[in-house]
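Structure, as structure tokens:
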Amino acid sequence: MVDAFSLHGKTVLITGGASGLGLAMAKCCAYAGARVVIIGTRSEDALAKACDEIGKEAFYERFDITNLGQMEEFVKKLLSKFGTIDILVNNAGVHCKKPFEQVQDDDLARILDVHLRGAFALTRTLVPHFKAKHSGNIIFISSMSAFLEMTQVTAYASAKAAILGLMRSLSGELAEYGIRVNAIVPGFIDTPMFRKVVEADPARQKKILDHTPMKRFGLSEDVGWACVYLASNASAFVTGVSLPVDGGCKDGF
């Protein structure tokens, strides 16, 4: 029972792990004892700096998950280098804040390519590895925009809602192989991406806080510890769950 939340001996792969929620989840998983591999498109220096922050058992691979044609070779490289992947966290994301009529086809394609198609392809490529060892843990990162009537984020909300559908379907399909599939649904978390969206919109900030019972924005580590819970044996009988980390705003909004 003491070690239920431990990730010692586990290898966690986190997309978009060099900043924001991805970096926070990487740090928390490392603190829980995991070896952490982050994937990102940032510069080598930025990825290396993130690994320094995460700890000595942190590694990085520079890869764009929208490069679907190279996905199988990339996963082969990962498994050859690290031996195994135990936990996959599909976190990589980009944002698009525009009124609906201004969202172009290219905007929608860019959002779906990262949030949905890239995550879908990476997960599909790793599943045979999980099946072969009859063990695996897949965590998707969704958003409150999948639940709430939020404005000017239609492309982003569409992708994040699709992720929840993918998660639920996979959880049923993969459970018999010892593979758990869940999603974290962050509320309004104080990250660089969030600040970029709301810093010039005080009215939006006030609306968010007025409808969040805990009356604050979340911290990135709030999502990090939720990730540790879902990645660990503490949640061994949990699959197909969308876990809000939102200070109550899903119901208070």
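When only alpha carbons are used to place a centre, the stretch 168-244 and the stretch 118-135 end up 22 Å from one another. Applying the criteria of a DSSP loop state and at most 13 other Cβ atoms within 10 Å to the trypsin sites (Lys or Arg not before Pro) of the stretch 46-89 yields Lys56.
When Tyr156, Tyr229 are arranged by Cβ crowding within 10 Å, least crowded first, meaning fewest neighbours, the order is Tyr229, Tyr156. Give the cross-link partners of Lys56 among the lysines, using a straight C-alpha distance below 17 Å as the criterion and excluding same-chain residues fewer than 8 apart. Partners found: Lys10, Lys27, Lys81.
Mind putting a number on the dipole of the chain about its Cα centre? Charges go on the C-beta only, +1 for Lys and Arg and -1 for Asp and Glu, and I need it in Debye to the nearest 20.
Values: 28 positive and 27 negative charges, 46 e Å.
I would put it at about 220 debye.
Would you work out the relative contact order for the stretch 190-253, in percent, from Cα pairs under 8 angstrom that are 6 or more residues apart? Display every interim value, and only then the final one.
Numbers: 41 pairs, mean separation 27.1, N = 64.
Relative contact order of the stretch 190-253: 42 percent.
Peptides 38-44, 174-180 ranked from most to least packed give 38-44, 174-180, packing being the mean of other C-beta atoms within 10 angstrom over each peptide's residues. Helix content alone sets the calculated 222 nm mean residue ellipticity of the chain: runs of n ≥ 4 DSSP H residues at -39500 (n - 2.57) each, divided across all residues, give -13000 deg cm²/dmol. Structure note, pairs Lys160/Lys207; Lys98/Lys206; Lys97/Lys160; Lys49/Lys77; Lys49/Lys160; Lys98/Lys160: Cα-Cα distances above 18 angstrom occur for Lys160/Lys207; Lys98/Lys206; Lys49/Lys77; Lys49/Lys160.
Every read-out reported here was derived from the displayed coordinates using simple, explicitly stated rules and does not represent laboratory data. Since we're looking at a predicted model, the values are computed, not measured. All Cβ positions, even for glycine, are placed from backbone atoms using ideal geometry, and neighbour counts span all protein chains on display.
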